[in-house]
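Colleague: Sharing a structure here in structure tokens format.
The values are calculated or read from the model by the stated rules, or taken from the named source; none is laboratory data. As the structure is a prediction and not an experimental result, all values here were calculated from the model. Backbone-built Cβ (ideal geometry, glycine too); neighbour counts: all protein chains shown.
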Amino acid sequence: MTGRPNALDDAVPGSGPAALLMLADGRFPAGGHAHSGGLEAAVAAGRVKDTGTLEAFLTGRVHTTGVIAAAFAAAACARPETAKTLDVELDARTPSPALRATSRTLGRQLLRAAREIRPHARLDALAAALPEGPHQPIVLGVTGQVLGLSPHDAAAAALHEAVAGPATAAVRLLGLDPYAVHAVLVRLAPRLDRLASAAGHRRRPDLPSPGSPMLDISAEHHATWEVRLFAS
């Protein structure tokens with residue numbers, strides 16, 4: 001055998017359910033475990049204190065930043081050659097400098113992981129086109145395409161990440177019962193399915209731009225803290 005072995009060869013160009021599970025796994029080495037998706041600031045402000053307020057927070061996050069991430073991940077998966085243009089558009093939809101920096105940090109880490117597990121010209125081109133680091137949803141979409149996933153799959157992974165990360169952070173920050181927290185995620189699942197389906201059928205220029213000013217403001221405050229458990 002010559003060259004580097006690649007355990008995912010058989011997954012391409014199929015639908016790649018195993019690849020989707022891998023991308024959605026919190027243990028995937030893309031750095032997401034270090035981020036709370038704004039939850040740490042919300043806990044400190046007293047807006048999230050139990051499973052009820054956590055569910056409200058996650059619902060709001062899904063319909064704002066989650067919807068945007070899903071739409072852009074799906075668009076990048078459908079047409080990876082437009083990744084640079086999509087990155088500019090996503091930048092314009094992210095008013096907070098702290099959130100822009102976070103997204104690009106996570107994008108760089110995801111791109112590094114993706115290039116290691118599936119060396120591919122599209123990933124190399126993305127890295128060359130955006131050397132400062134593409135936004136994370138853009139990388140997620142292009143990675144999904146490389147792994148044989150559909151735009152719907154890429155959107156589903158983005159939405160899953162939008163809720164799973166903060167939910168895990170809630171267990172660590174508030175000591176909530178992990179079973180109760182996962183019950184919240186199960187209740188949100190039908191909503192995520194509907195939003196992923198809608199995102200998978202969107203095409204430019206029909207990309208959403210819902211605002212989340214509280215998350216933007218909280219992110220800026222959080223970035224100034226000297227002591228914090230999560231990077232964002």
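Colleague: In the list Ala41, Ala71, Ala98, Ala114, which residue meets the criterion of being in contact with an Asp or Glu (Cβ under 7 Å, 6 or more places away or on another chain), of a type in the set (A, V, I, L, M), assigned to a helix (DSSP H, G or I) and in contact (Cβ under 8 Å) with a residue 24 or more places away in the chain?
Modeller: Unique residue meeting the criteria: Ala98.
Colleague: Applying the selection to segment 52-69, what residues are buried (at least 19 other Cβ atoms within 10 Å of the Cβ), more than 19 Å from Thr94 (Cα to Cα) and aliphatic (A, V, I, L, M)?
Modeller: Leu54
Colleague: Any residue at all in segment 200-208 that is under 17 Å from the mean Cα position of the chain (by Cα), surrounded by 22 or more Cβ atoms within 10 Å (Cβ to Cβ) and either among the aromatic types (Phe, Trp, Tyr) or at pLDDT below 95 (or both)?
Modeller: no
Colleague: Please verify whether Gly46 is surrounded by fewer than 13 Cβ atoms within 10 Å (Cβ to Cβ), outside any helix (DSSP H, G or I) and either modelled with pLDDT under 95 or of a type in the set (S, T, N, Q) (or both), treating the condition exactly as stated.
Modeller: No.
Colleague: Checking Leu192 against (1) more than 14 Å from the chain's Cα centre (by Cα); (2) surrounded by fewer than 24 Cβ atoms within 10 Å (Cβ to Cβ), which single condition isn't satisfied?
Modeller: (1)
Colleague: Within segment 119-128, can one find any residue that is surrounded by 21 or more Cβ atoms within 10 Å (Cβ to Cβ) and more than 10 Å from the chain's Cα centre (by Cα)?
Modeller: There is at least one residue in segment 119-128 that is surrounded by 21 or more Cβ atoms within 10 Å (Cβ to Cβ) and more than 10 Å from the chain's Cα centre (by Cα).
Colleague: Report whether or not Ala170 is at pLDDT 95 or above and either closer than 18 Å to Gly32 by Cβ or in a loop (DSSP other than H, G, I, E, B) (or both).
Modeller: Taking the combined requirement at face value, the residue satisfies it.
Colleague: Residues Ala180, Ala158: which one is buried (at least 24 other Cβ atoms within 10 Å of the Cβ) and either at pLDDT 95 or above or in a helix (DSSP H, G or I) (or both)?
Modeller: Exactly one of Ala180, Ala158 is buried (at least 24 other Cβ atoms within 10 Å of the Cβ) and either at pLDDT 95 or above or in a helix (DSSP H, G or I) (or both), namely Ala158.
Colleague: Which residue pairs have Cβ atoms under 6 Å apart, sit 6 or more places apart or on different chains, and have a first residue in segment 48-66 that is at negative phi and a second that is surrounded by fewer than 17 Cβ atoms within 10 Å (Cβ to Cβ) and assigned to a loop (DSSP other than H, G, I, E, B)?
Modeller: Pairs found: Thr64/Pro210.
Colleague: Here's something else I'd like to know. Identify, from the list Ser150, Ser232, Ser212, Ser218, the residue that is within 13 Å of Ile68 (Cα to Cα), of a type outside the set (A, V, I, L, M) and buried (at least 16 other Cβ atoms within 10 Å of the Cβ).
Modeller: Exactly one residue qualifies, and that residue is Ser212.
Colleague: Is it the case, given these coordinates, that Pro97 is surrounded by fewer than 20 Cβ atoms within 10 Å (Cβ to Cβ) and closer than 25 Å to Asp206 by Cα?
Modeller: Yes; evaluated as a whole, the condition is true for this residue.
Colleague: Also: Of these, Gly66, Gly107, Gly52, which one is at pLDDT 95 or above and more than 23 Å from Ala183 (Cα to Cα)?
Modeller: Just a single option satisfies the conditions, and that option is Gly107.
Colleague: Does segment 174-187 contain any residue that is among the hydroxyl-bearing types (Ser, Thr, Tyr), in contact (Cβ under 8 Å) with a residue 24 or more places away in the chain and out of contact with any Ser or Thr (no Cβ under 6 Å at 6 or more places or on another chain)?
Modeller: Taking every residue of segment 174-187 in turn, none turns out to be among the hydroxyl-bearing types (Ser, Thr, Tyr), in contact (Cβ under 8 Å) with a residue 24 or more places away in the chain and out of contact with any Ser or Thr (no Cβ under 6 Å at 6 or more places or on another chain).
Colleague: Also: Tell me whether segment 131-139 contains one or more residues that are at pLDDT 95 or above and under 19 Å from Ala18 (Cα atoms).
Modeller: Yes: one or more hits.
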